[in-house]
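For reference, the structure discussed in these notes is given below.
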Amino acid sequence: MDARLGLSLVGMVIGAGVLHAVWNAIAKYVDDRLVAFALMGAVSTVGGGVTVAVTGLPYRAAIGYALASAVLHLGYNAALMNSYRLGAFNQTYPIARGTSPLVVAVGAYLIAHEHLDATAVAGVVVLALGLMSLALSSGRLTRSDLPAVGAAVLTGVAIAAYTLVDGLGVRRAHDPYAYAGLLFLLQGPAFPLVALWRRPARVWRSATTVSRGVTAGALSLVAYGTVLWAQTKAPLAEVAALRETSVISAALIGTLFLHERFGARRVGAAVLVATGIVLISV
């Protein structure tokens, strides 16, 4: 595994973060989020099944990690849906994504025995601070914000957990694509089954909901498949930190398409994020 992040790898992980922000924005603003996540699960099931048919299963040592990650991903999706129900996109998304990098860095040090140099550690810390600053850019949190913030933090912890599990699992697979395919196949069916049970047939006839759900699912597969591949090439904490630059994309999406305010505080937070990226990638 190459310990340093090349520019092409940095660009691919940041690009994956952009795709991640886009699919989250789509999922947030679909009228029925359960159906949206069900459609994403259907895409995951089909994409994972096709991939495994081509690549075969990963090595046996990686299968347990894929199973554990599938369970964690289901918890992550449930927490994400709840955070979007309780709070605004430009608040919950940055908190969820900002919680993860430091947790991953500590976990990678304790579990994967990755020893980052001082510059990379500083980059992870500065990046995480920038992400959290974006979340708090509108000012102090109020009591009414606490449920959304709690759900977003829980989402971030789930992100950190599956990132660590997948980072260890994909390195034990003979092929990152085989691991990704098995993971997508395992996690995919749960939400479609729940939605088929809880939603009437008429909900599924909305062309807008179906197209958005399928689009979000496809973007999700490409984004996380890229991250899994990157985790075989570079330290987990650095990949996780770079991926979370997606909050900048989310802020821009909120400004340009959702008409959310992008004030001076967010500009300062974005500068912190950019500084963290530079420190990680040098």
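The values are calculated or read from the model by the stated rules, or taken from the named source; none is laboratory data. The shown structure was predicted, so the numbers you read here are calculated from the model rather than taken from an experiment. Cβ placement follows ideal geometry from the backbone for every residue including glycine, while neighbour counts extend to all protein chains displayed. With ligands, DNA and RNA removed, areas are computed over all heavy atoms of the protein, side chains included. Shrake-Rupley method; radii C 1.70, N 1.55, O 1.52, S 1.80 Å.
Summary table below
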| read-out | value |
| --- | --- |
| Hits in segment 156-207 - residues which are outside any helix (DSSP H, G or I), surrounded by 16 or more Cβ atoms within 10 Å (Cβ to Cβ) and over 20 Å from the mean Cα position of the chain (by Cα) | Arg172, Ala173, Asp175 |
| Given (1) open to solvent by less than 40 Å² (accessible area, probe 1.4 Å); (2) under 20 Å from Pro176 (Cα atoms); (3) more than 19 Å from the chain's Cα centre (by Cα), number of the condition Val10 does not satisfy | (3) |
| Scope segment 104-136; condition among the polar types (S, T, N, Q) and open to solvent by less than 10 Å² (accessible area, probe 1.4 Å); matching residues | none |
| Segment 218-243, residues that are in a helix (DSSP H, G or I), open to solvent by 10 Å² or more (accessible area, probe 1.4 Å) and touching a Pro at 6+ places or on another chain (Cβ under 6 Å) | Trp229 |
| Residue ID - modelled with the highest pLDDT, chosen from residues in segment 205-232 that are over 22 Å from Ala16 (Cβ atoms) and touching a helix residue (DSSP H, G or I) at 6+ places or on another chain (Cβ under 7 Å) | Val210 |
| Count - residues of segment 244-282 that are open to solvent by 50 Å² or more (accessible area, probe 1.4 Å), of a type outside the set (A, V, I, L, M, F, W, C) and modelled with pLDDT of 75 or more | 1 |
| Ala61 vs. criteria surrounded by 15 or more Cβ atoms within 10 Å (Cβ to Cβ) and in a helix (DSSP H, G or I) | no |
| Matching residues, segment 114-141, being at pLDDT 75 or above and over 18 Å from Ile280 (Cα atoms) | Ser133 |
| Of the criteria (1) under 25 Å from Thr275 (Cβ atoms); (2) of a type in the set (A, V, I, L, M, F, W, C); (3) open to solvent by 40 Å² or more (accessible area, probe 1.4 Å), which one Leu86 fails | (1) |
| Qualifying residue in segment 101-117 (condition: assigned to a helix (DSSP H, G or I) and closer than 22 Å to Trp23 by Cα) | yes |
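Here is a yes/no grid of residues against (1) open to solvent by less than 40 Å² (accessible area, probe 1.4 Å); (2) under 16 Å from Ala218 (Cβ atoms); (3) assigned to a helix (DSSP H, G or I):
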position	(1), (2), (3)
Leu34	yes, no, yes
Phe37	yes, yes, yes
Gly41	yes, yes, yes
Ser44	yes, yes, yes
Thr51	no, yes, yes
Leu57	no, no, no
Val71	no, no, yes
Leu74	no, no, yes
